[in-house]
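Novice: Quick one: structure below, then a few questions.
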Amino acid sequence: MTNFGPHQLGATRMLEARVTAGRLLDFWNGWATQILVLLSLTQQVILLFFSGIRRRQGRSSKRVLLWLAYQLADSTATYALGRLSLSSTLREHRLVAFWAPFLLLHLAGPDNITAYSLEDNKLWKRHFLTLAVQVLFAGYVVYKHIVGSGILFSLGAPLMTAVAVAKFSEKTWALRCANFDVIRGSVEAADAKQPGKCHLYLEDKPPHGGFRGKVVNKEEFLMLRAHAVFRICKSAVVDSSENPSSYVVGLLRYLKEKEMGYMWTLMEMELSLMYDILYTKAAVVHTLRGYCIRVVSPLAVAASLLLFQFNGREGHSSADVAITYLLLGSAFLTEMTSLLSALLSTWTFSFLCATRWSGLRHAALCSERWHRLRDVVLSIRRLAYSTRVYDLFRLSRRWSGTMGQYNMLEMCTAKPGRLARMLGFTMRTSSVGVPEGLKNLVVVYIQHMIQSRHVNTLGVIREKWGMEVLQRWDKDVTIDNKFFGAELHEGIIIWHIATDIFLANRNTTRAEDQRTVKEVKEVKALSNYMMFLLVKRPDMLPGLAQNKLYQWTKRSLDTEWSKITKRLPTSDSGLQPSEKLARALHENPPSKRNIENNRLSFAIELADILIKTKRALKLVYDVWADFLIYTANRCSRESHAKKLNSGGEFTTIVWLMTEHLHQVAISTHGDN
């Protein structure tokens with residue numbers, strides 16, 4: 001057996017590596033186009049099936065997969081088109097040139113996603129330039145192979161190219177239509193005196209006795225009414241001066257007085273419609289041109305499929321033929337899905353109500369033909385609910401109904417593991433459902449602020465956060481303005497720590513009723529939610545960000561906790577570490593000289609005042625409700641719109657509720 005020396009062995013391995021690399025390069029050169037086309041098709045499937053998870057707070061793994069598909073979809077299709085226009089392998093794989101229109105169709109994307117973030121809509125001009133360049137590439141590839149290539153290229157390829165260009169143009173136009181300036185112009189250009197005739201085809205009242213737990217029926221009932229009052233939401237988001245019609249105000253007034261519980265769901269449905277406008281093709285799909293494109297598209301794809309079946313398969317490799325069938329079949333299914341989704345959507349109901357074609361409106365709505373077709377969709381949705389498919393694909397339009405939670409004292413007393421510290425996972429956040437008691441308090445508080453003129457004619461809260469509460473409670477307790485801070489962030493930090501100290505040290509010797517226990521949980525949840533916004537969603541808070549102030553306060557709490565743990569007994573007292581810290585801060589407040597900033601001392605001082613005050617729990621609840629409503633009202637509209645693509649926030653729904661109740665109030669009092 002021959003023994004190789006070290007140098008000979010190294011040369012052999014290098015030669016083997018070069019041979020392997022050469023084989024891989026040859027494989028890539030021969031099959032790169034096929035791989036890229038299949039990858040592009042896979043990305044379109046991901047976008048089609050997982051785009052709906054952005055309406056709710058879904059799992060991070062699915063969101064990462066969706067984000068990767070969105071970011072890579074355009075570049076993959078563009079690179080594949082570039083290879084088609086320059087590749088010399090088309091001589092051996094002539095059928096590959098027929099794939100160019102499909103790549104152009106992939107660049108158009110599915111109807112349920114156009115922009116991943118709000119900033120993508122601002123790049124519509126760049127997208128238009130991409131459209132022009134890619135259409136030229138695809139047209140060049142098809143043109144090179146039309147002559148002498150049979151009927152498939154002379155007729156099938158132009159048909160597919162026309163469909164792809166139309167769908168690609170739609171996406172570009174949808175991005176443009178999702179800009180605030182364009183939406184504002186469309187709202188203000190609409191005839192406010194004739195906002196549509198939806199009220200002629202809607203029942204004014206919910207079914208007698210409610211919906212008996214039928215979620216689908218309830219959502220359908222409120223979704224149709226959301227379309228009727230959607231102008232309020234759209235005008236509020238883009239800051240338009242358009243006023244709602246008397247029917248819209250009347251519908252809201254009825255729900256406010258008789259069915260207030262439905263109002264929250266109505267807000268969720270309106271925000272879902274706003275999501276459609278900003279992040280999908282809804283604004284261009286549900287037009288006469290959009291419907292025409294969706295009727296013609298599957299017919300064109302079906303014609304191309306038949307042409308390929310009878311005149312285009314001969315003389316091509318089996319792999320190329322299989323991929324072509326896959327592209328044609330997936331395109332047909334996608335276009336049929338797009339057509340059925342468009343025709344059976346509640347957006348079509350809104351289009352039919354507003355169309356000037358009275359004959360079409362009468363044929364579809366007066367004869368209830370559209371409603372009968374819609375009933376089929378509702379039956380499928382009931383099946384999806386029973387089989388949990390709704391939860392899998394996040395098909396529901398409703399908000400997740402949760403609030404994020406973050407507690408400073410729990411964060412400072414937690415003991416993260418070494419791996420968590422190394423990876424930086426030291427911030428403990430969670431979420432809880434929004435309590436019904438909190439919703440009721442918010443509505444009562446909003447109506448009180450509107451009636452007492454704390455909200456001006458523009459729907460903006462006049463007073464600084466917490467000031468309205470001080471005016472109502474000035475006879476029971478004296479609280480200095482310093483406890484509310486110069487900025488909202490400062491006030492949240494002070495009241496958050498003071499709330500924990502107050503709840504841990506208040507007198508609970510007598511048996512508390514169930515209502516008090518419930519209010520304690522609600523106050524705790526609201527306090528943690530406002531702190532969650534400050535730490536994790538600072539863009540959802542108005543005013544200057546105060547991250548430095550938060551870090552200083554947290555550092556002070558960390559220092560105090562380290563001192564407390566040294567003098568605490570080793571035996572477990574049954575209290576949570578955060579409760580131990582809260583009690584220790586009240587019983588042995590640190591010297592102001594030893595605190596890095598005075599917000600912690602303000603919080604301890606405020607907690608001492610609250611502990612000595614009667615009905616302090618109600619006071620704290622009112623203060624946090626004031627903070628919540630002020631935050632929702634003064635947060636920028638763009639921030640509200642941005643958060644819609646990742647599940648939305650409770651503050652956005654509170655803001656929209658304030659807008660609706662304000663519209664009802666000014667209409668009732670004639671204050672326009």
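Computed from the coordinates by the stated procedures, all read-outs in this text should not be read as laboratory data. Keep in mind it's a predicted model, so treat the numbers as computed, not measured. Please note: Cβ atoms are built from the backbone with ideal geometry, for glycine as well, and neighbour counts cover all protein chains shown.
Novice: Within a 10 angstrom radius of the beta carbon, how do THR287, THR668 rank from fewest other beta carbons to most?
Specialist: The most exposed by this proxy come first: THR668, THR287.
Novice: Using 7 Å Cα-to-Cβ label points, what is the SER169/TRP67 separation (nm, one decimal)?
Specialist: Between SER169 and TRP67, the label points sit 3.5 nm apart.
Novice: For a quick check: sort SER40, SER117 by the number of other beta carbons within 10 angstrom, fewest at the front.
Specialist: Lowest to highest Cβ neighbour count: SER117, SER40.
Novice: Extension gain VAL321-ASN507, at 0.36 nm per residue separation less the Cα-Cα distance, in nm?
Specialist: 59.1 nm
Novice: Work out the length of the dipole vector of the stretch 230-270 about its Cα centre, built from +1 on the beta-carbon of each Lys and Arg and -1 on the beta-carbon of each Asp and Glu, and round it to the nearest 20 debye.
Specialist: 120
Novice: Considering every pair of different Cα atoms, what Kirkwood radius, in Å, is found for the stretch 435-581?
Specialist: Value: 17.9 Å, from the Cα pair sum.
Novice: Right, next: List, in order, the whole-Hz ³J(HN,Hα) value for each residue of the stretch 620-626 obtained from phi through the Karplus relation with A = 6.51, B = -1.76, C = 1.60 and θ = phi - 60°; use x for Gly and Pro.
Specialist: Working through the residues one at a time gives 4, 4, 5, 5, 5, 5, 5 Hz.
Novice: Find how much the distance from GLU259 to SER154 grows on full extension, using 0.36 nm per residue of separation minus their present alpha carbon separation; answer in nm with one decimal.
Specialist: Full extension of this stretch gives 31.7 nm more.
Novice: Given a Förster radius of 45 Å and the C-beta distance between SER379 and ALA162 as r, what FRET efficiency does 1/(1 + (r/R0)^6) yield to the nearest 0.05?
Specialist: So the FRET efficiency works out to roughly 0.80.
Novice: Related question: Filter the chymotrypsin sites (Phe, Trp or Tyr not before Pro) in the stretch 210-282 to those in DSSP coil with at most 10 other Cβ atoms within 10 Å of their Cβ, and list the result.
Specialist: Filter output for the stretch 210-282: empty list.
Novice: How large is the dipole of the stretch 453-492 about the Cα centre if only Lys and Arg carry +1 and Asp and Glu carry -1, each at its Cβ, rounded to the nearest 20 debye?
Specialist: 180
Novice: How large is ³J(HN,Hα) for each residue in the stretch 335-344, as worked out from phi by the Karplus curve 6.51 cos²θ - 1.76 cosθ + 1.60 (θ = phi - 60°), to whole Hz, x for Gly and Pro?
Specialist: 5, 5, 4, 4, 5, 5, 5, 5, 5, 9
Novice: To continue, here is another question. Short version: ³J(HN,Hα) in whole Hz for each residue of the stretch 116-130, in order, from phi by Karplus 6.51 cos²θ - 1.76 cosθ + 1.60 (θ = phi - 60°), x for Gly and Pro, what are they?
Specialist: Coupling constants for the stretch 116-130: 7, 10, 5, 5, 4, 5, 6, 9, 5, 5, 5, 5, 5, 5, 4 Hz.
Novice: In addition: Please arrange SER430, SER358 by how many other C-beta atoms lie within 10 Å of their C-beta, fewest to most. Let's see the in-between values first.
Specialist: Working: SER430 13, SER358 10.
Ranked by crowding around the Cβ, least crowded first: SER358, SER430.
Novice: Okay, next question. Which loop-located chymotrypsin sites (Phe, Trp or Tyr not before Pro) does the stretch 104-144 contain, where loop means any DSSP state but H, G, I, E or B and the Cβ has at most 13 other Cβ atoms within 10 Å?
Specialist: none
Novice: At ALA486 and SER60, where each label point lies 7 Å from the Cα along Cα→Cβ, what is the point-to-point distance in nanometres?
Specialist: Label at ALA486, label at SER60, 3.6 nm between them.
Novice: With the cut-off at 19 Å, report for the stretch 318-377 the share of all Cα pairs above it, as a whole percent.
Specialist: 47
Novice: Another question, if that's okay. Can you give the FRET efficiency to the nearest 0.05 for ALA189 and SER117, using r as the Cβ-Cβ distance and R₀ = 30 Å?
Specialist: Numbers: r = 27 Å, r/R0 = 0.90.
Taking R0 as 30 Å, the efficiency between ALA189 and SER117 is 0.65.
Novice: So, one more: Return the loop-located trypsin sites (Lys or Arg not before Pro) in the stretch 267-352 (DSSP other than H, G, I, E, B) with at most 10 other Cβ atoms within 10 Å of their own Cβ; answer none if there are none.
Specialist: none
Novice: Further question on the same structure: Mind ordering 238-245, 324-331 by average Cβ neighbours within 10 Å, highest first?
Specialist: 324-331, 238-245
Novice: Roughly what would the spin-label model give for ASP239 and ARG369, points 7 Å off Cα along C-beta, in nm?
Specialist: Distance between the two pseudo-spin positions: 4.5 nm.
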